[in-house]
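Participant: Take a look at this one; I'll ask things after.
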Amino acid sequence: AVERTLSIIKPDAVAKNVIGEIYTRFEKAGLKVVASKMKHLSKAEAEGFYAEHKERGFFADLVAFMTSGPVMVQVLEGEGAVLKNRELMGATNPKEAAAGTIRADFAESIDANAVHGSDSTTSAAREVAYFFAVTEICPR
Ligand code: CMP
């Protein structure tokens, strides 16, 4: 089925100036960018986005990292977009990410891991709506 998923290029990858290289991977895999914005997240925005992790030991570090610089937030659309994007990203820990994945190629650590992608269609619906109004999404 054609799905939408929420993708974030994190502060480490934006700082490395590889936004375009990462977009090229989405496009070459058949995913379309149907909404996009650059944002410097506030602490409250990052905490709300990652609310499901708030009891985890890494939560404070995660929020600090995600607010350390601008991010690119985009909605990707395509056949099986949620899983396709997760395959392109590779494992959360770049040390475990398969060769040729975004995290293997651009990420340094489990915190500075270059990209986020929704883990299910349910979380994708919530995450897309967290950042984008319906009128900001441009299917084509
Ligand atoms: P992300 O897909 O953005 O979702 C939550 C983030 O928390 C994850 O990527 C990692 O960057 C970060 N994180 C830090 N430590 C851990 C951990 N032990 N397990 C999972 N995620 C972690």
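Participant: Under a cut-off of 18 Å between alpha-carbon atoms, report the lysines in cross-link reach of LYS10, not counting same-chain residues fewer than 8 places apart.
Facilitator: Qualifying lysines at Cα under 18 Å: LYS37, LYS39, LYS43, LYS95.
Participant: Hey, what's the per residue convex hull volume over the C-alpha atoms of the range 31-80, in cubic angstrom?
Facilitator: Details: hull volume 4.6 nm³, N = 50.
Roughly 92 Å³ of hull volume per residue.
Participant: Most mobile of MET72, MET38, MET89 per a Gaussian network model of the chain (Cα springs, under 10 Å)?
Facilitator: MET38
Participant: Would you please name the GluC sites (Glu not before Pro) within the range 83-140 that are DSSP coil residues with at most 16 other C-beta atoms within 10 Å of their C-beta? The partial results should precede the final answer.
Facilitator: Values: sites: GLU87, GLU96, GLU108, GLU127, GLU136; in loops: GLU108.
Counting only loop positions with at most 16 other Cβ atoms within 10 Å, the GluC sites (Glu not before Pro) in the range 83-140 are GLU108.
Participant: Using the charge dipole of the chain (Lys, Arg: +1 at Cβ; Asp, Glu: -1 at Cβ; taken about the Cα centre), state which of VAL75, VAL34, SER118 has its Cα farthest towards the positive end.
Facilitator: Farthest towards the positive end: VAL34.
Participant: To the nearest 20 Debye, how big is the dipole of the chain about its Cα centre, given +1 on the beta carbon of each Lys and Arg and -1 on that of each Asp and Glu? Show your work: numbers first, answer last.
Facilitator: On the way: 17 positive and 19 negative charges, 53 e Å.
In debye, rounded to 20, the chain gives about 260.
Participant: Give the span of the chain's Cα atoms along each principal axis, as three whole-Å numbers ordered largest to smallest.
Facilitator: 39, 34, 25
Since every read-out is calculated from the coordinates, none of them should be taken as a lab result. Since the model is a prediction, treat every value here as computed from it, not as a measurement. As a convention, Cβ positions derive from the backbone with ideal geometry for all residues, glycine included, and neighbour counts pool all protein chains shown.
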